[in-house]
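Trainee: Below is the structure I would like to discuss, written out as structure tokens.
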Amino acid sequence: MRVVRIIDGEPTLTDAPMPADPNQFRVKVAAVGICGSDLHMIDNGMAEGRVLGHEISGRLDDGTPVAVEPLRSCGHCGNCREGERHRCDAGADIIGVFSDGGMGEYLMVPAEALVRLASGIEVTDASLVENLAVAVHAVNRARMQSGERVGEWTRHLTPTRSATSGVPLAVTSSVTPVVSGTSTRIRHA
């Protein structure tokens, strides 16, 4: 299969073996986002040899459309059982950050990381589920109330919706969005 692997600091299309793991599900990748963190990892030399991509959607071998939650954990320790999978005693893994991600044709994913798509959601749009979930989490943690103003400062504009996904969410939550500053650095794919 084909993957985009970071070689000598550059995204490079190359061949890789077809993934196989009897304890996980194979996902045929339909869409993968390019996140600002992917670009930062490349710029800072942290992605060498890696297949990036943690904003992933695709189809299982049986055709079921899914989004992928990129967090892998043991699922058995106290932290995992309490819903704190990111604090897994065995060490959490983020697909596309600490292990190979979705910038390939196929990917092996544990059952608990698969989110079946509701009817009406296009599988190619579902790669946005991960960054929308981050925005929802931020709004929930902020405990914003109807009519409150929210500011967002974006240090780097990137070719992804991650940088602004909190603003449309805030609008739907009856909160006034305020963009307080942006950088002049714009990266193009």
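Trainee: Among what's in segment 56-93 and is of a type in the set (Val, Ile, Thr) and touching a helix residue (DSSP H, G or I) at 6+ places or on another chain (Cβ under 9 Å), pick the residue that is farthest from Glu130 (Cα to Cα).
Mentor: Val66
Trainee: Tell me, which residue of segment 1-15 that is part of a loop (DSSP other than H, G, I, E, B) and more than 18 Å from Val68 (Cβ to Cβ) is most open to solvent (accessible area, probe 1.4 Å)?
Mentor: Asp8
Trainee: Here is a follow-up. Please go through segment 35-80 and give me each residue that is hydrophobic (A, V, I, L, M, F, W, C) and either over 17 Å from the mean Cα position of the chain (by Cα) or surrounded by fewer than 17 Cβ atoms within 10 Å (Cβ to Cβ) (or both), ordered by number.
Mentor: Of everything in segment 35-80, those that are hydrophobic (A, V, I, L, M, F, W, C) and either over 17 Å from the mean Cα position of the chain (by Cα) or surrounded by fewer than 17 Cβ atoms within 10 Å (Cβ to Cβ) (or both) turn out to be Met46, Leu60, Cys74, Cys77, Cys80.
Trainee: In addition: Can you list residue pairs whose Cβ atoms sit under 7 Å apart, with the first residue in segment 97-115 being touching a residue at least 60 places away in the same chain (Cβ under 8 Å) and over 18 Å from Ala16 (Cα atoms) and the second being open to solvent by 20 Å² or more (accessible area, probe 1.4 Å) and in a loop (DSSP other than H, G, I, E, B)? Count only pairs 6 or more apart in sequence or on different chains.
Mentor: Pro110/Gln24
Trainee: From the list Ala20, Ala30, which one is open to solvent by 60 Å² or more (accessible area, probe 1.4 Å) and of a type outside the set (D, E, K, R)?
Mentor: On the way: Ala30 fails: open to solvent by 60 Å² or more (accessible area, probe 1.4 Å).
Testing whether each residue is open to solvent by 60 Å² or more (accessible area, probe 1.4 Å) and of a type outside the set (D, E, K, R) leaves just Ala20.
The values are calculated or read from the model by the stated rules, or taken from the named source; none is laboratory data. Everything numeric in this text was worked out from a predicted model, so none of it was measured. Using ideal geometry, Cβ is built from the backbone for each residue, glycine included, and neighbour counts are taken over all protein chains shown. Only protein heavy atoms, including side chains, enter the accessible area calculation; ligands, DNA and RNA are left aside. Shrake-Rupley method; radii C 1.70, N 1.55, O 1.52, S 1.80 Å.
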